[in-house]
Amino acid sequence: MAAKESMLGRGLLPFRRTKALESEIDAFLDKLSESGLLFKRAVQIYLEEGASAEFDQKLQAVNRLESEADKLRRSVITQLYTQTLIPESRGDVLGLLENLDSLLGLYEGALWSFSIEQPEISAEFHGDYATLCDQVVHAAEAIVLASRAFFRNIEAVGDHMHKVMFYEKEADKVSTKLKRAIFATDLPLYRKAHLRNFVEHIDNVADRAEDVADRLAIYTIKRSF
């Protein structure tokens, strides 16, 4: 037991060398988590009201969070190199942050697509679009929690990783069902394709969360030795 605790302590030590670094990584993860909540609410608003003023407010909020998160990511990179912090894990930390940042980009990009293209989504599909959005945000939040564990308590990473996979599979089921329903209608093909594209805009978030989880699993294994 003592040996196990000692190994865990050594694993955590590199990430505890500076409170500033730890605080900025936490703040970055907070931005990603908040963006997921705003994304979910923005899609709900779009389904109810279209590209309304309230929808645009949520889009602008996600846009601001993405910019703030990008500044935090660059600050972490600067600290890692200028202060010669955690050289043995630097590449893994940078890779993880860059992949997490891509989730923010997907949130923002999907909402901009809703704003610019303004798809006409029939009421019969609203429920499945909302459910899909729920599943992908759950997947993204699970990878946020797994990432926090990577820096705080590496043994807890697995407690969250399996949830990423679960929600990604659930999102796949909903997206497949929704696309089948769309293409079973009498809508013109161009409208079917347009609606399918927005299913994929949303579903891409869960797919990317799974990709990040796969990378995080490798980083976690490396830190276990």
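The values are calculated or read from the model by the stated rules, or taken from the named source; none is laboratory data. Note that this is a predicted model, so its numbers are computed, not measured. Note: ideal-geometry Cβ built from the backbone for every residue, glycine included; neighbour counts use all protein chains shown.
What tally of residues in segment 55-111 results from selecting those that are free of Cβ contacts under 8 Å to residues at least 24 places away in the same chain and not in a helix (DSSP H, G or I)?
The qualifying residues number 2.
When the residues of segment 45-59 are filtered to those that are out of contact with any helix residue (DSSP H, G or I) (no Cβ under 8 Å at 6 or more places or on another chain) and over 20 Å from residue 127 (Cβ atoms), which remaining residue is surrounded by the most Cβ atoms within 10 Å (Cβ to Cβ)?
In this case the residue turns out to be 57.
Between 177, 163, which is free of Cβ contacts under 8 Å to residues at least 60 places away in the same chain, more than 21 Å from residue 44 (Cβ to Cβ) and surrounded by fewer than 23 Cβ atoms within 10 Å (Cβ to Cβ)?
163
From the list 114, 198, which residue is of a type outside the set (Lys, Arg), assigned to a helix (DSSP H, G or I) and in contact with a Phe, Trp or Tyr (Cβ under 6 Å, 6 or more places away or on another chain)?
114
Would you check which residues across segment 129-166 are under 18 Å from residue 203 (Cβ atoms) and of a type in the set (Ser, Thr, Tyr) and list them?
Once the filter is applied, which keeps residues that are under 18 Å from residue 203 (Cβ atoms) and of a type in the set (Ser, Thr, Tyr), segment 129-166 yields 129, 131.
Picking from 128, 172, 159, which residue would you name as being at pLDDT below 95 and touching a helix residue (DSSP H, G or I) at 6+ places or on another chain (Cβ under 9 Å)?
Result of the check over 128, 172, 159: 159.
So residue 22 fits all but one of (1) out of contact with any Leu (no Cβ under 9 Å at 6 or more places or on another chain); (2) surrounded by 14 or more Cβ atoms within 10 Å (Cβ to Cβ); (3) modelled with pLDDT of 95 or more; (4) not basic (Lys, Arg); what number is the exception?
So residue 22 meets the others, but not (3).
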